[in-house]
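Since the structure comes first, as structure tokens, the remarks are kept for the end.
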Amino acid sequence: MKISDNEENPLLQSILNSIPDVHHFKGKWSLIRSKLVNLKTHISDISNFPSSVTNNLSLDLLRSVSDVLSDVSSLCEACKAINLPNGKLRTQNDVDSVSGRLDRLIHDAGVLLKSCVLQDDVVVFDSSSSSSSSKKDSVRVETRCLITRLQIGSSESRNSAMDSLVGILYEDDKNVLIAVAQGVVPVLVRLLDSPEMREKTVAAIARVSSVDSSNNVLIAEGLLLLNNLLRVLESGSVFAKEKSCIALNALSRTKENARAIGSRGGISSLLEICQVGTPNSQAAAAGVLRNLSEFAEIKENFLEENAVSVLLSLSASGTCSSQENAISCLSQLVSDDNQLKLFIAREGVIDSLKNYWDSSPTIHNLEAAVNLVKNLSSCPQIAETLISDGFINRLVSLLTCGVLTVRIASAKAIYELGFNSRTRKDIWDCGCIPVLVRMLDGKAIEEREAAAMALSAMICHGGNMKMFRKEERGIIGTVQLLDPVLNLDKKYPVSILAYLVQWKKCRKEMIDAGACMYLKKVAEMADDVEGAKKLCESLGKGKKLWGVFGRG
């Protein structure tokens, strides 16, 4: 259907010519006339595209134009009469109605022109095509068309378009990136205001959020998107709540969004899902809480909502994913609060940790549990319980695992547990000194520092010191950590070496490894490292003596 001289143009022009003759609602008809002029321009622009005669979107739009113009013409004739045939109130409502329908047509025509779908060749979406470039072009064209359909036409048409779009998004991560590049996110955010579209829209947004490189586009939508997702948490279906949590998982990683979620009652809604939601929605909600707990300023919101009790319950009885997220959240909340540590210990968190650990999660999933053990270990009363419950062996076994962050957390937990001579002996019995020494040569600075931390706590036990001295790379690896080029806390390697400097052989190894040069540089640093100057002086005396008596 093409707007041409023998179709709608004469009707539209006839209406424009007739409007000055109306007797009723002249102000409204003057506004309608300007809308018709605007619509005429848009329709003319659409008709200039050869594809407008075959493109389904343009054909649907032109049919709608035909219907509306017919109603406008009839109404215009009625308003030209001296007496309104349907009465003033009814006619006024009809005039307002067609004015609103013209607004919608103008909007739809503008969207169609801006979308560039009329410039696309007709491409059939075929996921079985062997050519990757062909697939990509096909998805791009199809997605552009669907995004346009989401913005124009009837609610039925938009619902159908959303179904198709969700199908494409869930088929492949690359499809998500293509849709985001085509501008799908702002369109989806606006559709959240539509009750009949909200559930499917949240599902689409959740899918977009699952592709990390798309998250910045979601975050850029700001509070409009955040507030809509929080409303879904409060009053959406079970399905919609779960998808909203998935989307919020991506959005809650910024401080600004975390504050907004905390101040808008989001934590309360998330905790409710953790209590009564489905297993999947509980895991997703706990994941959002895990992100929020990383921001210290949100802690008060957690305490106000009695979050700790809910998280303790979830850590004891949820799915593996729910438990992991709940444990991680608790770890963040108690990190600097001994009273809270004692509270969760009394409430059975250590048993929950053991049960979770023994349920054979992957090494990656153990990181949250190790971090909570590390944080609890800094409280001496709890540390003894952890040791008696066999957590030393659990931690030592992870020092050789293939996950860097877990190795680091385990070494730091061992450092915290080494708070007195008895616990140091218990750790020595597990034989972790050789493993920690090997970690001193790790590729990651964080791993080397964590190993030095643990060794600095262990070294003052006689058995540990003896075992360390037998390790060929022990002293050399420790001295190398003094290099100012390495950005790590020098107090740990200094502490280790200070315990060993009393032995002549150890002093010689330190000097040969360059300890004097490093210590002088460390001593000159702005932040004074405790024990560095004294250690440097001790080594300096040794060098002078060897200069007098020889090095035999």
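No value in this document is a laboratory result; all are computed from the given coordinates. Fair warning: this is a prediction, and the values are worked out from it, not measured in the lab. Counting neighbours? That spans all protein chains shown, and the Cβs are built from the backbone with ideal geometry, glycine included.
Side notes on the structure shown:
- For Ala450, the shell of other residues with beta-carbons less than 12 Å away shows a net charge of -1, using +1 for Lys and Arg and -1 for Asp and Glu.
- Here's the picture: a label point sits 7 Å out from the Cα of Ser317 along the beta-carbon direction, and within segment 269-290 the residues with their amide nitrogen under 11 Å of it are 275-276.
- Surrounding net charge for Leu89, when Lys and Arg each add one and Asp and Glu each subtract one, Cβ distance under 14 Å: +1
- Stretchable slack from Asn38 to Asp441, in nm (0.36 nm times residue separation minus alpha-carbon distance): 137.8 nm
- Enclosed volume per residue, in Å³, of the convex hull spanned by Cα atoms of segment 247-392: 99 Å³
- Local electrostatic count at Leu75 - Lys and Arg +1, Asp and Glu -1, tallied over other residues with Cβ under 15 Å: +2
- Two-site label geometry, His364 and Asp172: point separation in nm, points 7 Å out along Cα→Cβ: 2.3 nm
- Dipole magnitude (debye, nearest 20) for segment 390-484, charges at Cβ of Lys, Arg, Asp, Glu: 260 debye
- Helix 404-417 axis versus longest C-alpha principal axis of the chain: approximately 50°, rounded to the nearest ten.
- Between the Cα long axis of helix 198-209 and the first principal axis of the chain there is an angle of about 40°, rounded to the nearest 10.
- A protection proxy built from the mean count of other Cβ atoms within 10 Å ranks the segments 384-391, 279-286, most packed first, as 279-286, 384-391.
- Cβ-Cβ FRET estimate between Glu272 and Gln13, R0 fixed at 60 Å, reported to 0.05: 0.50
- To the nearest ten degrees, helix 367-377 and the longest principal axis of the Cα atoms of the chain are 50 degrees apart.
- Panel values: segment 367-444, Kirkwood radius from alpha carbon pairs, Stokes-Einstein at 37 °C and 0.692 mPa s, translational diffusion coefficient 266 µm²/s.
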